[in-house]
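Participant: Below you will find the structure I want to go over with you.
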There are 2 protein chains.
Amino acid sequence: MAGPSEKKEKVKKEKVLKEKVATSSGQKKKDVKKETGLGLSVKKDENFGDWYSEVCKQDMIEYYDISGCYILRPWSMAIWEIMQIFFDAEIKKMKVKNCYFPLFVSPAVLEKEKDHIEGFAPEVAWVTKSGKSDLEIPIAIRPTSETVMYPYYSKWIRGHRDLPLKLNQWCNVVRWEFSNPTPFIRSREFLWQEGHTAFATKAEADEEVLQILELYRRIYEEYLAVPVVKGMKSENEKFAGGLYTTSVEAFIPNTGRGVQGATSHCLGQNFAKMFEINYENEKAETAMVWQNSWAYSTRTIGVMIMTHGDDKGLVLPPKVASVQVVVIPVPYKDANTQGIYDACTATASALCEAGIRAEEDLRDNYSPGWKYSDWEMKGVPLRIEIGPRDLENDQVRTVRRDNGVKEDIPRGSLVENVKELLEKIQQNMYEVAKQKREACVQEVKTWDEFIKALNEKKLILAPWCDEEEVERDVKARTKGETGAAKTLCSPFDQPELPEGTLCFASGKPAKKWTYWGRSY
Amino acid sequence: MAGPSEKKEKVKKEKVLKEKVATSSGQKKKDVKKETGLGLSVKKDENFGDWYSEVCKQDMIEYYDISGCYILRPWSMAIWEIMQIFFDAEIKKMKVKNCYFPLFVSPAVLEKEKDHIEGFAPEVAWVTKSGKSDLEIPIAIRPTSETVMYPYYSKWIRGHRDLPLKLNQWCNVVRWEFSNPTPFIRSREFLWQEGHTAFATKAEADEEVLQILELYRRIYEEYLAVPVVKGMKSENEKFAGGLYTTSVEAFIPNTGRGVQGATSHCLGQNFAKMFEINYENEKAETAMVWQNSWAYSTRTIGVMIMTHGDDKGLVLPPKVASVQVVVIPVPYKDANTQGIYDACTATASALCEAGIRAEEDLRDNYSPGWKYSDWEMKGVPLRIEIGPRDLENDQVRTVRRDNGVKEDIPRGSLVENVKELLEKIQQNMYEVAKQKREACVQEVKTWDEFIKALNEKKLILAPWCDEEEVERDVKARTKGETGAAKTLCSPFDQPELPEGTLCFASGKPAKKWTYWGRSY
């Protein structure tokens, strides 16, 4: 349910040429690659687009033979499932129930809400044939399910006792975009959950919008270790056909682009009106419901990769990593090889029993160094090495993926030390990401400051008059190779806005602080 | 991955007219309906098709405005999720990993395996447009994912260390059939899991086929309380493009139809050949993989409804019921109403704490009688009633959905008694269903016996020569209004076949016992 409007500004692919001359660290990198057959050929700071594509391809994604479609490999699917378990349990506590509505929508229903269909029409995929026969009427594939579901909400909701109605589904949706597909971030088919709820009062709907937004914040900050800003989308950027849209917004310092993380919409009574979702209230009068819809998608995974990945590959936060700890034997000539292998197996087992997702890597056709690189590329948060000296000292060597710090820990306190380390890694990844993002935030008061900050890839916080016309004007004036600037959100957490502050763009009295930037 | 061949015999909708004259029990039924506004208008024995449709519509399914598509409401989705948790954990123990491949297939890939595409081509839905533009090439929606996945298996599998490769996905698939859609049993879009595995040896593939089939048996027998037969499909009925197909087969006594419950296919090396899935074996030679694919779908839920449902509505086995126990207050005039309500809440809470899925129904706008009918229709396995007498005696009244048996149990031993009752209900539902099915099994030796048994809606076990030609002949000779007879499966558990036994149809020497019948 990410509004399609923000997509109108297509991100132009940065075509920075791959660096041909090896810098000194580049040379080192290539040597590693040569030695191990592993490693990335592009650096995150040098060519972010290619770096991202390469790092995704390692284990997360396989490019598919239909453009804009991607295969989610087990390494990324496991992350999706971990988030799903969390979110599904949380919404069930809120009495949301899962259901499944069809993939297909008939055109008459799809086109019922005018603003809504205007937003989605250009990207709708149409089925027109089955076997060799033409269908009587073409059938659309859901880009989102408001119009699929709401005719039945109208049927199911009769009296006030039928409210609230709270449904969710985990499914695929299709938005046939033509330019610049990016794995996870912008693909023609993606997985998501979409919640659709109906209430008797606006107050209940408003409250739920924020409850769900808080869950989205927790997915990003607690699970993916990605800092986000909670806020309100502008009128231009809100969900097509809705009343207002709240979102969590992330920011990618390398490209200076905002990215809409997930959205929780209050639809107001607009869809209720179109789909006649009425009920008899306690006074036996006919009333209209208030509706919300909310969604997060596999885009979350892309934001995580962009935020934490480095020149060695993926860096996974422990809470979502399907392998949190990998145990690697480091045998030496004349050492007790079997003893080392057994210690690795025992270590991984002890961790698994304690609920830590651990695995030993006993492959005998790769050197320890090759394995280090391999698991670093996969982003496993913690590596444990066991060699002859560790065996002697009844210890293991730990190496953190996030900062490379090495530490020997006694086998006697293995489980508690590893648990602690994983928590530290999770926390540190969040802190580092937050610091990096905060270093990008730039307050501006004037148009000149705004343009300067935009060129410096800043996350711009500016006082704004909150007029649609002005946002459109800013977009038009910043339209360029790398895409136009627009509002990301007006943060709920507003800095003080001194009396008399003017809008950076229009010079009219400012109404609020708003984040601006280019975006995905 | 249910082979499409069995669908060629379309089930003709039975058009028995609704009974117009009320029988004595019918009259009673209608009185109940009048009183409560609930109840079914059709009896299972009198018009099975309408009964099934009506019982599905109560809480499981909503009919959708596109024919052959259905909405899975929370009441059925919860059952799907419970089975999914079981099966997903089991296959993860077998080191199968979840992934997600795209919904779309390009025609070149889809058509690569000739037998396979012949089987599926007539039911493939094609996307030809996005927005207002025609696509350059039409794109198919997956009817199953062999051709979607295997080009990438070819890429990922290089050496013997890459084997076995075991992937699974939970997803929707589309088969655009034109006749006789039936909720759960035959729909144009459905949910399933599809496992796709590749091994170095046939022995490993063979072993996995049966391990998965055993999981499917457990889903039916242990979860859905539906007895099934494990067996081998005939050459005519096997998966298009595969080597052999095993299945679990259920039987619906009311219609005398078999229903393929789930299939576990050994694909042999046929797809491997087409998609060039080769690897270097330990002797550094190029070898070809052995593949399996296996799937079960939301059809399981339909089989369960058909098996257990009765004239009062659904009957859910406790293991898959999202509400296992409903607690209903039975207040009387001058009784301690608040005390009764509190006891209901306390009872439901105590059960929930013990891991039983229980709910109290404290709605004040319905009579206890209305609530009884309502929850009976929903199929909740156990009802607990609490009235003034129960409060006095510190007991609750239990009423079983499966057989109506009432029992008072002391509140002191509530949890253990309810647990025991739920287990008994689960067991009893399975036993009753098994007895009903076994009463339908008819061994036949001759064509005349076969035809007689077929007309009597029997599940026919017959000695067969195992020749494709003969099965086609039987189909042709039994083609009629209610569909042709065909093989269901040859059970792994074979009765003795005395030397000299002849095929019931061809008169040639019989090779095996095979189940025959009409089917869904």
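Participant: Tell me yes or no: at least one residue of the range B:221-230 is open to solvent by less than 10 Å² (accessible area, probe 1.4 Å) and closer than 21 Å to B:GLU146 by Cα. Give the derivation first.
Facilitator: Taking the range B:221-230 as the starting set, the residues that turn out to be open to solvent by less than 10 Å² (accessible area, probe 1.4 Å) are B:224-227.
Restricting the remaining residues to those that are closer than 21 Å to B:GLU146 by Cα gives none.
No: zero hits.
Participant: Could I ask something else about it? Of all residues in the range B:37-91 being assigned to a loop (DSSP other than H, G, I, E, B) and among the polar types (S, T, N, Q), which is surrounded by the most Cβ atoms within 10 Å (Cβ to Cβ)?
Facilitator: Residues of the range B:37-91 that are assigned to a loop (DSSP other than H, G, I, E, B), as a first pass: B:37-47, B:60, B:64-69, B:73.
This time we only want the ones that are among the polar types (S, T, N, Q), so: B:41, B:47, B:67.
Details: B:SER41: 14, B:ASN47: 19, B:SER67: 10.
Taking the candidates together, the pick is B:ASN47.
Participant: Here's a follow-up. Out of A:GLY379, A:GLY369, A:GLY387, I need the residue that is open to solvent by less than 40 Å² (accessible area, probe 1.4 Å), in contact (Cβ under 8 Å) with a residue 24 or more places away in the chain and touching a His at 6+ places or on another chain (Cβ under 9 Å). Which one?
Facilitator: Numbers: A:GLY369 fails: touching a His at 6+ places or on another chain (Cβ under 9 Å); A:GLY387 fails: touching a His at 6+ places or on another chain (Cβ under 9 Å).
Matching residue, one of A:GLY379, A:GLY369, A:GLY387: A:GLY379.
Participant: Would you say B:GLN260 is out of contact with any Gly (no Cβ under 6 Å at 6 or more places or on another chain), polar (S, T, N, Q) and more than 27 Å from B:LEU163 (Cα to Cα)? Reasoning before the result, please.
Facilitator: Working: out of contact with any Gly (no Cβ under 6 Å at 6 or more places or on another chain): yes; polar (S, T, N, Q): yes; more than 27 Å from B:LEU163 (Cα to Cα): yes.
Here the answer is yes, as B:GLN260 does meet what is asked.
Participant: If a residue must be within 21 Å of A:ILE219 (Cα to Cα), out of contact with any strand residue (DSSP E or B) (no Cβ under 9 Å at 6 or more places or on another chain) and of a type outside the set (Asp, Glu), how many such residues does the range A:409-432 contain?
Facilitator: Qualifying residue count, the range A:409-432: 6.
Participant: Which count do you get for residues in the range A:92-123 that are in a helix (DSSP H, G or I), open to solvent by 30 Å² or more (accessible area, probe 1.4 Å) and either basic (Lys, Arg) or within 11 Å of chain B (Cβ to nearest Cβ) (or both)? Before the answer, list the steps.
Facilitator: Residues of the range A:92-123 in a helix (DSSP H, G or I): A:92-93, A:107-110, A:114-123.
Restricting the remaining residues to those that are open to solvent by 30 Å² or more (accessible area, probe 1.4 Å) gives A:92-93, A:108, A:114-115, A:118, A:121-122.
Next, from what is left, pick out any that are either basic (Lys, Arg) or within 11 Å of chain B (Cβ to nearest Cβ) (or both): A:92-93, A:108, A:114, A:121-122.
Residues meeting the conditions: 6.
Participant: The conditions are (1) surrounded by fewer than 24 Cβ atoms within 10 Å (Cβ to Cβ); (2) modelled with pLDDT under 95; (3) not hydrophobic (A, V, I, L, M, F, W, C), and B:GLY241 fails exactly one of them. Which is it?
Facilitator: That leaves (1) as the condition not met.
Participant: Which pairs have Cβ atoms under 6 Å, sit 6 or more apart or on different chains, and link a residue in the range B:322-351 that is part of a strand (DSSP E or B) and buried (at least 16 other Cβ atoms within 10 Å of the Cβ) to one that is of a type in the set (Gly, Ala, Ser) and modelled with pLDDT of 95 or more?
Facilitator: Pairs that qualify, where the first residue is part of a strand (DSSP E or B) and buried (at least 16 other Cβ atoms within 10 Å of the Cβ) and the partner is of a type in the set (Gly, Ala, Ser) and modelled with pLDDT of 95 or more, are B:VAL325/B:ALA358; B:VAL327/B:ALA348.
Participant: For B:GLY404, state whether it is open to solvent by less than 30 Å² (accessible area, probe 1.4 Å) and either at pLDDT 95 or above or on the phi > 0 side of the Ramachandran plot (or both). It would help to see each step written out before you state the result.
Facilitator: Numbers: open to solvent by less than 30 Å² (accessible area, probe 1.4 Å): no; either at pLDDT 95 or above or on the phi > 0 side of the Ramachandran plot (or both): yes.
So B:GLY404 does not fit the description; no.
Participant: Among the candidates A:GLU235, A:GLU222, A:GLU207, which residue alone is in contact with a Lys or Arg (Cβ under 8 Å, 6 or more places away or on another chain) and charged (D, E, K, R)? Outline the logic, then answer.
Facilitator: On the way: A:GLU235 fails: in contact with a Lys or Arg (Cβ under 8 Å, 6 or more places away or on another chain); A:GLU207 fails: in contact with a Lys or Arg (Cβ under 8 Å, 6 or more places away or on another chain).
It is A:GLU222.
Participant: Continuing with this model, one more query. Would you pick out the residues in the range A:73-98 that are farther than 22 Å from A:GLU376 by Cβ and under 17 Å from the mean Cα position of the chain (by Cα)? Even if it seems obvious, please write down each step before you answer.
Facilitator: Pass one, the range A:73-98, residues farther than 22 Å from A:GLU376 by Cβ: A:80-81, A:83-98.
Scanning the range A:73-98 gives A:TRP80, A:GLU81, A:MET83, A:GLN84, A:ILE85, A:PHE86, A:PHE87, A:ASP88.
Participant: Among B:VAL474, B:VAL418, B:VAL441, B:VAL396, which is the only one that is over 29 Å from the mean Cα position of the chain (by Cα), among the β-branched types (Val, Ile, Thr) and either surrounded by 14 or more Cβ atoms within 10 Å (Cβ to Cβ) or within 28 Å of B:GLU499 (Cα to Cα) (or both)?
Facilitator: On the way: B:VAL474 fails: over 29 Å from the mean Cα position of the chain (by Cα); B:VAL418 fails: over 29 Å from the mean Cα position of the chain (by Cα); B:VAL441 fails: over 29 Å from the mean Cα position of the chain (by Cα).
After ruling out the rest, the residue left standing is B:VAL396.
Participant: Within the range B:358-390, count every residue that is basic (Lys, Arg) and in contact with a helix residue (DSSP H, G or I) (Cβ under 8 Å, 6 or more places away or on another chain).
Facilitator: Initial filter on the range B:358-390 (basic (Lys, Arg)): B:363, B:371, B:378, B:383, B:389.
Keeping just the survivors that are in contact with a helix residue (DSSP H, G or I) (Cβ under 8 Å, 6 or more places away or on another chain) gives B:363, B:378, B:383.
Of the residues in that region, 3 qualify.
Participant: Search the range A:56-84 for residues that are at the interface with chain B (Cβ under 7 Å from one of its Cβ atoms) and pair each with any residue that is among the basic types (Lys, Arg) and surrounded by 22 or more Cβ atoms within 10 Å (Cβ to Cβ) when their beta-carbon atoms are under 7 Å apart and the residues are at least 6 apart or on different chains.
Facilitator: What qualifies is A:GLU62/A:ARG73; A:CYS69/A:ARG188.
Participant: Say we look at the range A:124-155 and pick out the residues that are facing chain B (nearest Cβ under 9 Å) and among the charged types (D, E, K, R); which of these is surrounded by the most Cβ atoms within 10 Å (Cβ to Cβ)?
Facilitator: Result: A:LYS129.
Participant: Which residues, taken from the range B:477-498, are modelled with pLDDT of 95 or more and surrounded by fewer than 17 Cβ atoms within 10 Å (Cβ to Cβ)?
Facilitator: B:ARG477, B:PHE492, B:ASP493, B:GLN494, B:PRO495, B:GLU496, B:LEU497, B:PRO498
Participant: Okay, next question. Those residues that are at the interface with another protein chain (Cβ under 8 Å from one of its Cβ atoms) and among the charged types (D, E, K, R), I need them from the range A:156-187; list them, please.
Facilitator: Within the range A:156-187, just A:ARG161 meets the criteria.
The values are calculated or read from the model by the stated rules, or taken from the named source; none is laboratory data. The model shown is predicted, which means the values in this text are computed figures rather than measured ones. Every residue, glycine as well, gets a Cβ built from its backbone with ideal geometry; the counts of neighbours run over all protein chains shown. Surface accessibility is based on the protein's heavy atoms, side chains included, excluding ligands, DNA and RNA. Shrake-Rupley method; radii C 1.70, N 1.55, O 1.52, S 1.80 Å.
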